[in-house]
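First up is the structure itself, then whatever we jot down about it.
The values are calculated or read from the model by the stated rules, or taken from the named source; none is laboratory data. Just so it is clear, the model here is predicted, and its values are computed rather than measured. Every residue, glycine as well, gets a Cβ built from its backbone with ideal geometry; the counts of neighbours run over all protein chains shown. Areas reflect the complete protein model, heavy atoms only, side chains present, ligands, DNA and RNA absent. Shrake-Rupley method; radii C 1.70, N 1.55, O 1.52, S 1.80 Å.
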Amino acid sequence: MDFGPYLLLASLEGLVTAAVLALTALGLSLVFGVMRVVNVAHGEFFMLGAVLTWAFTSLISGHAAFGFALAMIGSPLIVGAIALLSERFVLRRLNYDPEATIVATIGMLYILQQLALSFYGPEARPVTAPLNFRIQFPWFGYAGYKLVVVGVSTLFMLATWFVIARTRMGLIMRATQYDRETAQAFAIPVDRVYAGVFAAGAMLAAMAAVLIVPIQQAHYLMGLDPLLLSFIVVIIGGLGSLKGTVFAALLIGMSDGIISVFFSPTLAKILATLLVALVLVYRPQGLFGEVVR
């Protein structure tokens, strides 16, 4: 193939990576934006979504789409329930103190990881894609499911934006984000808002895992890379900025896909790390973040 087909293939792979990364990082950014909590266990919610997807698809015989449809509903709900319990019995008892919650979510990370190892095992297990078709380009065929992942991820991101920007629930979330004490004075149940936001962030990560696990494989250690990349994205885009999160995910995902094809995945990670360092030095609030006064 000439340079053009290689570039197209690399761009498509980068677009898939960017879509899933944006959905994962959106959950992390949402939690920090409203609660000011850095959730170090976010990657393990992603991992649980993938493991539960394998469990659901293994339960249902017949066409892979039936089990996958069940996983798209069941996995985020179960992960959201676990996040609710974590918020109720851990974060709320710490009064959402920034330093204490970092330590607590690190502990949650290891607990969830070891529980997955105990009940799921150390093996990486495949999940059959619910759709099996190829889009034929003049130079190569491309898995159609990967483009479905991009489309579904985009729909979930648009739905998240709509809820935050255009609904009463989103207005309450924004009011809580800007001033917790004033929101409480106006009878807004801040604890319930925090619980819902923490669960929603975990569910977004779980949904991203459900979508990507047919392309990858479910493994109990698979939460590390999404966590690190999500932190890179929210630092570059700006903690709490949904627009910045999507932009940074596209930047990192597309560059990772293209650089990995033409050079090496290691170089892509090095350049992403350098970009984070430059942002922290010259614009600590991120490209779209606001300066805290």
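Return the residues of region 156-166 that are without any contact (Cβ under 8 Å) to a residue 40 or more places away in the chain and open to solvent by 40 Å² or more (accessible area, probe 1.4 Å); say none if nothing qualifies.
Our first condition is that a residue be without any contact (Cβ under 8 Å) to a residue 40 or more places away in the chain; within region 156-166, this holds for 158-159, 162-163, 165-166.
Those that are without any contact (Cβ under 8 Å) to a residue 40 or more places away in the chain and open to solvent by 40 Å² or more (accessible area, probe 1.4 Å): Leu158, Ala159, Phe162, Val163, Arg166.
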- Taking region 116-155 as the search range and keeping residues that are over 25 Å from Leu221 (Cα atoms) and small (Gly, Ala, Ser), which one is least open to solvent (accessible area, probe 1.4 Å)? Gly144
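Checking the condition touching a Phe, Trp or Tyr at 6+ places or on another chain (Cβ under 6 Å) and of a type in the set (A, V, I, L, M), which residue from Leu239, Leu267 passes? Let's see the steps before the verdict.
Values: Leu267 fails: touching a Phe, Trp or Tyr at 6+ places or on another chain (Cβ under 6 Å).
None of the others qualify; the one that does is Leu239.
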- Residue tally, condition assigned to a helix (DSSP H, G or I), of a type outside the set (A, V, I, L, M, F, W, C) and open to solvent by 10 Å² or more (accessible area, probe 1.4 Å), over region 6-37: 4
- Item | Count of region 38-64 residues which are open to solvent by 30 Å² or more (accessible area, probe 1.4 Å), under 21 Å from Gly237 (Cβ atoms) and part of a helix (DSSP H, G or I) | 0
- Please work out if Leu109 is of a type outside the set (Phe, Trp, Tyr) and in contact with a Gly (Cβ under 9 Å, 6 or more places away or on another chain). yes
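List the helices (runs of 4 or more DSSP H) that sit entirely inside region 203-293 and contain at least 3 residues that are within 29 Å of Ile73 (Cα to Cα). Spell out how you get there, then give the answer.
Working: elements: 224-237, 242-262, 265-282.
Filter on region 203-293 gives 224-237, 242-262.
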- Message: Please go through region 13-40 and give me each residue that is under 20 Å from Gln217 (Cα atoms) and more than 9 Å from the chain's Cα centre (by Cα), ordered by number.
- Response: Glu13, Gly14, Leu15, Val16, Thr17, Ala18, Ala19
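Taking region 279-290 only, how many residues are open to solvent by 80 Å² or more (accessible area, probe 1.4 Å) and under 15 Å from Leu251 (Cα atoms)? Talk me through it step by step, then tell me what you get.
First, pick out the residues of region 279-290 that are open to solvent by 80 Å² or more (accessible area, probe 1.4 Å): 280-284, 290.
Going one step further and asking which of them are under 15 Å from Leu251 (Cα atoms), we end up with none.
Within region 279-290, residues that are open to solvent by 80 Å² or more (accessible area, probe 1.4 Å) and under 15 Å from Leu251 (Cα atoms) number 0.
What about Thr57, is it more than 23 Å from Phe231 (Cβ to Cβ) and in contact with a helix residue (DSSP H, G or I) (Cβ under 9 Å, 6 or more places away or on another chain)? Reasoning before the result, please.
Details: more than 23 Å from Phe231 (Cβ to Cβ): yes; in contact with a helix residue (DSSP H, G or I) (Cβ under 9 Å, 6 or more places away or on another chain): yes.
Here the answer is yes, as Thr57 does meet what is asked.
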